[in-house]
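Below is one structure; the comments refer to it alone.
Computed from the coordinates by the stated procedures, all read-outs in this text should not be read as laboratory data. Just so it is clear, the model here is predicted, and its values are computed rather than measured. Cβ placement follows ideal geometry from the backbone for every residue including glycine, while neighbour counts extend to all protein chains displayed.
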Amino acid sequence: MLGSTHGTLTTDSRRARAIACGEHSQQVVHGRPAEAGDLDVSGRPLYAAVPDLDRLFNPESVAVVGASDAEGRPNTGITRQLIAWAERVGARLHPVHTTRQSVFGIPCSPSVAELPEQVDLAVLLVSDPLPVIDQLAQAKAKFAVAFASGFAETGAEGAAAQERLAAAVERSGGMRLLGPNTNLNAFERFREDLDGPAIALITQSGHQGRPVFSLQELGIRLSHWAPTGNEADLETADFISYFAERPEVGAIAAYVEGLKNGRAFLLAADRAARRGVPVVAVKVGRTETGARTAASHTGKLTGADAVVDAAMRQYGVIRVDGLDELQDTATLLARARRPGSTSNRPSADGVVVYSISGGTGAHFADLATEAGLPLPTLSEAKQAELHQWIPDYLSVANPVDNGGHPVGDWRGPRILDAILDDPAVGVLICPITGPFPPMSDKLAQDLVDAAKRTDKLVCVVWGSPVGIEAAYRETLLGSSRVATFRTFANCITAVRAHLDHSRFTAAYRSPFDEAPRSPSPSFRKARALMRPGQQLSEHAAKQLLRAYGIRVPREQLVTSAAAAVRAASLVGYPVVMKASGARIAHKTELGLVKIGLTSASQIRDAYRELTDIARYEDVSLDGVLVCQMVERGVEMVVGVTHDDLFGPTVTVGLGGVLVEVLRDSAVRVPPFGEDHARAMLTELRGRALLDGVRGAPPADVDALVEVVLRVQRMALELGDEIAELDINPLMVLPRGQGAVALDALTVCR
C-alpha cells in the first residue's frame with residue numbers, strides 16, 4: 001500500500017507499482033490511454049483506473065467450483081441460488097466437482113482445467129481458494145469470487161494467507177478477485193420493474209447493506225450490489241470508478257469499514273466528482289482506538305479519522321452516520337438526477353416548506369434553518385399570488401401555511417405550481433405529520449402530480465408511525481419523482497447533502513489535473529537537509545522552510561555568549577534566544593526560550609542560563625539561536641504529518657503554546673488548490689481572529705494561504721521522507737505584511 005509504514009518507497013519503485021496496478025484494467029486520461037508519466041512528483045498515480053466489471057455482474061458463462069446438491073450441505077443452497085441467478089442474467093452455468101457427474105441435473109466438470117469453455121466468472125465454494133486461483137489463471141477466467149473466511153479478519157496468520165491469495169491474483173495476468181470473506185449479495189434478485197436513476201451499493205459487510213437493498217420494496221431502484229469483503233484484490237475504489245461511469249446510476253451508496261489504498265479511493269472519488277455522481281458513505285471508525293505518539297503539535301491535532309473525513313469532503317463524498325441516513329440520502333440524490341440528465345443540480349438553492357399546519361411548518365423551518373438550509377422569504381408578488389387561494393390571515397412568506405382546506409380541491413395544484421414556478425425555489429418540502437384522509441390522500445396525489453410537471457425536487461415527510469396508509473404505500477412510494485422520508489431529520493440531512501453536492505460539483509476542478517509532476521528547484525536543496533530517522537534542530541528545520549520560500553526571522557546560530565552579543569547587534573534588539581538541538585521538541589516547557597532581551601548583559605545571562613538548563617536536562621545542543629523578535633500578529637500552526645493510508649497530509653490551525661488545548665485545526669490531503677487552502681481557514685472555530693477582533697487589524701490571510709500551499713508542495717516532494725513537520729507559531733502579521741515562521745520542528749522518516 002502506498003504510504004504504508006513498512007519502509008519508504010523510492011520514486012522508481014512507486015512508479016513501477018503504479019504501473020503494475022494498471023495491468024488489470026485500462027486506465028484512461030482525458031480519453032486517451034494512461035501513460036507511465038501520469039504520476040505526481042511523489043510517484044503516486046494521478047488518474048483512476050476504471051476496471052471493466054461488466055462480466056462480473058453480467059457474465060455469459062459461470063463456473064461454480066464446489067457445487068453441491070446434497071441435502072443439508074451449505075453449498076447446496078448457494079448452488080441453487082447461483083443457478084437461479086444465472087438463468088436471470090442469461091449465463092451458462094458449469095458446476096465443478098471432483099466426484100459428482102452432475103449437480104441439479106447439470107453435468108459437472110471434474111476440474112477447472114476440464115471446463116467446456118472459458119468462463120467469465122468462477123464462484124469458489126471451497127475453503128481454500130488459493131489452488132483454484134492458480135488453475136483459473138491457466139484457464140483464462142476473467143473474475144473469481146471467494147466466499148471463504150479465515151483470512152485477514154482472523155489475525156496475522158490469516159493476513160499472511162490473504163497476501164498469498166492476492167499475490168496469486170497478481171500473477172494471473174488479468175483475472176480479478178472479489179473477496180475473500182464475501183457473500184452472495186452480488187447475485188441477489190434485483191427488481192426490474194422500477195424506473196428512474198438507480199442506487200449502486202458497495203458494502204464491506206453484507207448485513208449492513210441489507211437496509212439499502214430493501215429500498216426496492218419501497219419502489220426505489222437498485223442496479224448493483226458489490227460486497228467487497230476483505231478486498232484482497234478488487235476494492236471499494238474500483239467499484240466507485242466503475243459505477244460512476246454507468247448511465248443508470250444516479251447515486252452510489254457505500255458502507256466502508258476500512259479503505260485499502262488511500263490514493264486509489266481519492267482517484268475514484270475524483271472520477272465520480274468529475275461526472276457529478278454523488279457518493280454517500282458510512283465510514284466506521286470515527287473514534288480513536290489508539291493514541292498517536294508524535295513529537296509535533298500537528299501530529300497530535302490530526303487523528304486518522306479526521307484525515308478520512310477531510311479527504312471525503314475534499315472530493316465531495318457525503319459522509320453520514322446511520323444506515324437510515326445512508327438510505328434516505330442516497331435515495332434523494334438518485335431521484336434528484338432526472339432521466340437523461342448528466343447533472344443533479346437544482347435550478348435554485350431556495351427551499352420552501354409547504355404545510356397544512358402553521359405549527360408543523362414552524363417546527364420544520366426551525367430545524368431546517370439551524371441545519372443551514374436556505375429558506376428564502378417569497379417575494380411580495382408571489383405571496384399575493386398565493387393569497388388568491390389561501391386566506392390572508394395565513395402566512396405564505398415561507399413556510400407556506402395553507403390552512404388545510406385548499407388542498408381538497410382545484411386550489412391545491414394551483415398553489416403547488418405557483419410555488420414551484422418561483423425562480424428562487426429549487427426544492428419544495430411538505431411535512432405531513434400524520435394521516436388525515438381523505439385530505440392527506442388528496443395532498444399526496446397533488447404532490448406526486450406536481451412533481452411530474454416540474455424539474456424541481458419535491459420532498460414529502462410522511463410522519464405516521466404506521467406506514468401502511470394507501471397515501472404513503474401506493475401514492476407516494478409509487479412515484480419515482482417524489483423523495484419520501486419518515487423523519488424530519490433525515491429529510492433535512494438529505495436535502496442539505498443534495499444542495500451541498502450540487503454546489504460542489506458546479507465548482508469542482510480536479511486537483512490532480514494541476515498536481516506537480518516534476519520536482520521544484522527547492523527540492524534538491526531541501527533534500528540535502530534531511531536526516532533519515534532523526535529529528536532536525538530548529539535551525540535546520542528553518543533552513544528547510546527557507547528552501548521552500550517560507551519566511552523565517554532574522555537569526556544566527558551561536559556557540560558562545562560573546563558571539564550571542566554580536567549576533568544580537570546584527571539581528572537588532574529586542575531579540576529572542578532559544579536553545580537549538582536535534583532532540584528538543586518543546587522548548588518552552590523546558591525553559592529553553594528567553595524573549596524580549598534588550599541588552600548585552602541580558603544576552604550573556606540568557607546564554608548561560610540556556611546552556612545550564614540543557615546540561616541539567618541532558619539535552620545536546622548544536623548552539624543557541626539569537627532571533628529577531630516578532631510580536632504583532634495571529635499565532636497559527638501549519639504542519640505535515642504522514643498518514644498510514646493517505647500519505648502526507650497538511651494541517652492548519654490556531655497555534656501558540658495552547659495549540660493542543662484549543663485543538664482548532666483543519667486538514668487536507670495533497671494535492672489541493674488555493675480554494676481548499678482558504679476553505680481550511682473557514683473551518684476553524686477561531687477564524688474571526690484572522691479578521692481582527694477587539695481593535696486588532698486584520699491578518700494577512702493571503703500570506704497564510706501562501707504558506708499552506710508552499711508547505712503542501714513540500715509535503716508532495718518530501719512527504720515520504722517527513723514523518724512530521726510543525727511550524728508553530730507561524731506569526732501571521734497584519735494585512736500586507738506577510739507571515740513569519742517563528743519556530744519549526746521536523747522529524748524525518
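Please give the contour-minus-distance gain from Lys442 to Leu590: 0.36 nm per residue of separation, less the Cα-Cα distance, rounded to one decimal in nm.
Gain on extension, Lys442 to Leu590, equals 45.8 nm.
Taking a spot 7 Å from the Cα of Ser560 along the direction of its beta carbon, which residues of the range 577-602 have an amide N less than 17 Å from it?
601
So what is the relative contact order of the range 350-507, in percent, for Cα pairs below 8 Å that sit 6 or more residues apart? Can you show the working numbers first?
On the way: 242 pairs, mean separation 37.5, N = 158.
Relative contact order for the range 350-507 comes out at 24 percent.
Using the crude model of +1 on Lys and Arg Cβ and -1 on Asp and Glu Cβ, and no other charge, please compute the dipole size for the chain relative to its Cα centre, in debye to 20. Could the numbers behind the result be given before it?
Working: 77 positive and 88 negative charges, 345 e Å.
My answer is approximately 1660 debye.
For the chain, what is one quarter of the convex hull surface built on the Cα atoms, given in nm²? Intermediate results must be reported in sequence, preceding the final value.
Working: hull surface 152.6 nm².
Orientation-averaged projected area of the Cα hull: 38.2 nm².
For a label point 7 angstrom out from the Cα of Glu60 toward its Cβ, which stretches of the range 85-113 have the backbone nitrogen within less than 16 Å?
89-94
In nm, give the distance between the simple-model label positions of Arg88 and Trp410, each being 7 Å from the Cα along the Cα-to-Cβ direction.
So the two model labels end up 4.8 nm from each other.
So what J values fall out for the range 521-537 if you push phi through Karplus, 6.51 cos²θ - 1.76 cosθ + 1.60 with θ = phi - 60°, rounded to Hz, Gly and Pro as x?
x, 6, 4, 4, 5, 5, 5, 5, 8, 6, 10, x, x, 10, 9, 7, 5
With r as the distance between the Cβ atoms of Arg517 and Arg100 and R0 = 60 Å, compute the FRET efficiency 1/(1 + (r/R0)^6) and round to 0.05.
Working: r = 57 Å, r/R0 = 0.94.
Working from the Cβ atoms, E equals 0.60.
Could you work out how far the C-alpha centroid of the range 214-269 sits from that of the range 498-563, in angstrom?
Between the Cα centre of the range 214-269 and that of the range 498-563, the gap is 36 Å.
In deg cm²/dmol, rounded to 500, what helix-only [θ] at 222 nm does the chain give when every DSSP H run of at least 4 residues adds -39500 (n - 2.57) and the total is split over its residues? Before the final figure, lay out each step's value.
On the way: 26 runs with 268 residues, N = 749.
Calculated from helices alone, the mean residue ellipticity at 222 nm is -10500 deg cm²/dmol.
For the range 266-272, what does the Karplus curve 6.51 cos²θ - 1.76 cosθ + 1.60, with θ = phi - 60°, yield as ³J(HN,Hα) per residue in whole Hz, taken in order and with x for Gly and Pro?
Karplus values, whole Hz, x for Gly and Pro: 5, 5, 5, 5, 4, 4, 5.
Rank Gly623, Gly686, His642 by how far each Cα sits towards the positive end of the charge dipole of the range 548-696 (+1 on Lys, Arg Cβ; -1 on Asp, Glu Cβ) and give me just the farthest.
Gly623
Please go through the range 567-671 and write out the GluC sites (Glu not before Pro) that DSSP classes as loop and that have at most 16 other C-beta atoms within 10 Å. Display every interim value, and only then the final one.
On the way: sites: Glu589, Glu609, Glu617, Glu631, Glu635, Glu660; in loops: Glu617, Glu631.
Hits after loop and neighbour filter: Glu617, Glu631.
Along the charge dipole of the chain, Cβ charges K/R +1 and D/E -1, which of Ala528, Ala561, Ala547 sits furthest on the positive end?
My answer, from the dipole projection, is Ala561.
For the chain, which span is the longest to avoid every loop-located (per DSSP) member of chymotrypsin sites (Phe, Trp or Tyr not before Pro) having at most 10 other Cβ atoms inside 10 Å?
Details: sites that count: Tyr393, Trp410.
The longest such stretch corresponds to 1-392.
Rounded to the nearest 20 Debye, what is the dipole magnitude of the range 150-275 about its Cα centre when Lys and Arg each give +1 and Asp and Glu each give -1 at the C-beta?
Values: 13 positive and 17 negative charges, 52 e Å.
So the dipole magnitude of the range 150-275 works out to roughly 240 debye.
Taking every DSSP beta bridge that has both residues in the chain, what percent is antiparallel when rounded to the nearest 5?
Values: 49 of 101 bridges.
Of those bridges, close to 50 percent are antiparallel.
About its Cα centre, what dipole magnitude does the range 210-249 give when the only charges are +1 on Lys and Arg Cβ and -1 on Asp and Glu Cβ, stated in debye to the nearest 20? Numbers along the way, then the final one.
On the way: 3 positive and 7 negative charges, 53 e Å.
With only Lys, Arg, Asp and Glu charged at Cβ, the dipole is about 260 debye.
If you take the charge dipole of the chain about its Cα centre, with +1 on Lys and Arg Cβ and -1 on Asp and Glu Cβ, which of Thr236, Val50, Gln135 is farthest toward its positive end?
Val50
Calculate, for Met530 and Thr682, the FRET efficiency according to 1/(1 + (r/R0)^6) with r their C-beta to C-beta distance and R0 25 Å; round to the nearest 0.05.
On the way: r = 33 Å, r/R0 = 1.34.
My answer for the efficiency is 0.15.
Taking R0 as 51 Å, what's the FRET efficiency between Glu117 and Thr369 from their Cβ-Cβ distance, rounded to 0.05?
The calculated FRET efficiency here is 0.25.
Using just the C-alpha positions of the range 578-631 as equal point scatterers, what log10 of I(q)/I(0) does the Debye formula give at each q in 0.15, 0.19, 0.20, 0.29 1/Å?
Listed by q, the Debye log ratios stand at -0.38, -0.61, -0.67, -1.28.
When only DSSP loop residues count, what GluC sites (Glu not before Pro) in the range 155-222 have their Cβ near at most 15 other Cβ atoms within 10 Å?
Working: sites: Glu157, Glu163, Glu170, Glu188, Glu192, Glu217; in loops: Glu188, Glu192.
Passing sites in the range 155-222 are Glu192.
Note the full-extension length gain between Val466 and Leu662 as 0.36 nm times their separation in residues minus their Cα-Cα distance, in nm to one decimal. It would help to have the intermediate numbers written out before the result.
Values: separation 196, 0.36 × 196 = 70.56 nm, distance 4.69 nm.
The span from Val466 to Leu662 would gain 65.9 nm if fully extended.
Over the chain, what is the mean sequence separation of C-alpha contacts under 8 Å (at least six apart), divided by residue count, expressed as relative contact order in percent?
Working: 1559 pairs, mean separation 80.3, N = 749.
Normalised by residue count, the contact order of the chain is 11 percent.
How much of the DSSP beta bridge set in the range 54-178 is antiparallel, as a percent to the nearest 5?
Details: 2 of 19 bridges.
Close to 10 percent.
Given the pairs Lys382/Lys456; Lys140/Lys260; Lys260/Lys542; Lys283/Lys456; Lys283/Lys452, which span a C-alpha to C-alpha distance of over 29 angstrom in this model? All intermediate terms of the calculation are to be shown ahead of the outcome.
Values: Lys382/Lys456 17 Å; Lys140/Lys260 26 Å; Lys260/Lys542 35 Å; Lys283/Lys456 31 Å; Lys283/Lys452 35 Å.
Beyond 29 Å between Cα atoms: Lys260/Lys542; Lys283/Lys456; Lys283/Lys452.
Using Cα centres only, tell me the gap between the range 49-107 and the range 361-426 in whole Å.
56
How many nm is it between the label spots at Ala424 and Asp134, if each spot is 7 Å from the Cα in line with the beta carbon?
Between Ala424 and Asp134, the label points sit 7.2 nm apart.
Which distance in nm do the two modelled labels at Gln388 and Arg473 give, with both placed 7 Å along the Cα-to-Cβ direction?
3.9
Would you order Thr433, Thr559, Thr484 from fewest to most other beta-carbon atoms within 10 Å of each residue's own beta-carbon? Show your work: numbers first, answer last.
Values: Thr433 18, Thr559 13, Thr484 26.
Exposure proxy ranking, most exposed first: Thr559, Thr433, Thr484.
Output ³J(HN,Hα) for the range 352-358: one whole-Hz value per residue in order, computed from phi by the Karplus curve 6.51 cos²θ - 1.76 cosθ + 1.60 with θ = phi - 60°, and x for Gly and Pro.
10, 9, 10, 9, 8, 9, x
Separation of the range 571-613 and the range 137-197 by C-alpha centroid, Å?
Between the Cα centres of the range 571-613 and the range 137-197 lies a distance of 61 Å.
If you stretched the chain out fully between Ser214 and Arg735, how much longer would it get, using 0.36 nm times the residue separation minus the C-alpha to C-alpha distance? Write down the numbers at each step before the final one.
Values: separation 521, 0.36 × 521 = 187.56 nm, distance 5.62 nm.
Gain on extension, Ser214 to Arg735, equals 181.9 nm.
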